[in-house]
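Worksheet for the structure shown next.
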Amino acid sequence: MDSNTQIRDTPSPSRRGLLLAAAAGSAAVGSVLPLASAFPASAAHAPAPPAEPEPAAGPVPPEAALRRLAAGNRRWRTYGQEHPHESAFIRQRLTKAQHPFAIVLGCVDSRVPPELVFDQGLGDLLTVRSAGEVLDEAVLGSVAFGVLELQIQLVLVLGHQSCGAVGAAVRADETGEPLPAHIQYLADQIRPSIDHTQQGEARIDATIDAHARRTRDRLAAEPDIARRMAAGKVAVVAARYGLRDQSVRTLG
């Protein structure tokens, strides 16, 4: 059947009256709602009593934050997600303040959303995402906001398997061909991490890890972050997510 073909069922006059009456009382299954109905201007429901632990109300030490991320990733990769902190009560509570327990600097890749990978909910993570975890002023400012203003004590740089930005940077370095505007900027930022001791896909794979480590080191060298690290108030960690096994492992 042609994909553009539509099946039309024209009801008889008697059926038409019944259908109109039914439509007045309920929406038909599979119908498309107008945007005004799909996204109401306000919610009339009062928050329900809490049925789950509330998000952290203060700074979480780096070691404890890492344990929480590891536990969440374990749930994710074993299909035991809890989808925490999504209740009406938590949503209302978070209108007053936020206290994320970790910053995750990750890639824009649609397959690596931090809240899902670590099975966290509203108010848990401050996520900053750029292609290939590339640093620029906006990214640095976002991380600094989390560390300095929100007092977050863990910054996790999350690289991932099959990163397209890293792959493009490696191939551009090998061929010498320029990339489209703005994407060339990403490649230029990744190029210092390219592992020229490897070849082919192994080079891309090794560069993914090297770039996550280099990004970690650059963040740790930021004066404000370095001072907090020296005082034991912040840790910056590099990690890698595997698309095949959905696991996160830290990088030394």
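How many of the residues making up the range 205-252 are free of Cβ contacts under 8 Å to residues at least 40 places away in the same chain and part of a loop (DSSP other than H, G, I, E, B)?
4
In the range 187-215, how many are in contact with a strand residue (DSSP E or B) (Cβ under 7 Å, 6 or more places away or on another chain) and open to solvent by 40 Å² or more (accessible area, probe 1.4 Å)?
Total satisfying the criteria: 1.
Restricting to the range 130-152, what's the tally of residues that are open to solvent by 40 Å² or more (accessible area, probe 1.4 Å) and in a loop (DSSP other than H, G, I, E, B)?
2
Give the range 94-107 a look and list any residue that's surrounded by fewer than 19 Cβ atoms within 10 Å (Cβ to Cβ) and touching a residue at least 24 places away in the same chain (Cβ under 8 Å), or say none. Before you say what the answer is, go through the steps one by one.
So the first thing to find is which residues in the range 94-107 are surrounded by fewer than 19 Cβ atoms within 10 Å (Cβ to Cβ), and the list is 94-99.
Correct list: Leu94, Gln98, His99.
Can you tell me which of Leu135, Leu179, Leu105, Leu158 is in contact with a Phe, Trp or Tyr (Cβ under 7 Å, 6 or more places away or on another chain) and within 29 Å of Asp195 (Cβ to Cβ)?
Leu158
Go through Gln184, Gln120 for me and flag whichever is open to solvent by less than 70 Å² (accessible area, probe 1.4 Å) and free of Cβ contacts under 8 Å to residues at least 40 places away in the same chain. Give the steps one after another, and end with the answer.
Values: Gln120 fails: free of Cβ contacts under 8 Å to residues at least 40 places away in the same chain.
When all the criteria are applied, what remains is Gln184.
Of the conditions (1) open to solvent by less than 10 Å² (accessible area, probe 1.4 Å); (2) more than 23 Å from Ala210 (Cβ to Cβ); (3) assigned to a loop (DSSP other than H, G, I, E, B), Val112 satisfies every one except a single condition; which number is it?
Every condition holds for Val112 apart from (2).
The values are calculated or read from the model by the stated rules, or taken from the named source; none is laboratory data. All figures in this text were calculated on a predicted structure; none of them were measured in a lab. Don't worry about glycine lacking a Cβ; one is built from the backbone with ideal geometry, like all the others, and counts go over all protein chains shown. Each accessible area value is taken on the protein alone, full model and side chains, heavy atoms only, with ligands, DNA and RNA left out. Shrake-Rupley method; radii C 1.70, N 1.55, O 1.52, S 1.80 Å.
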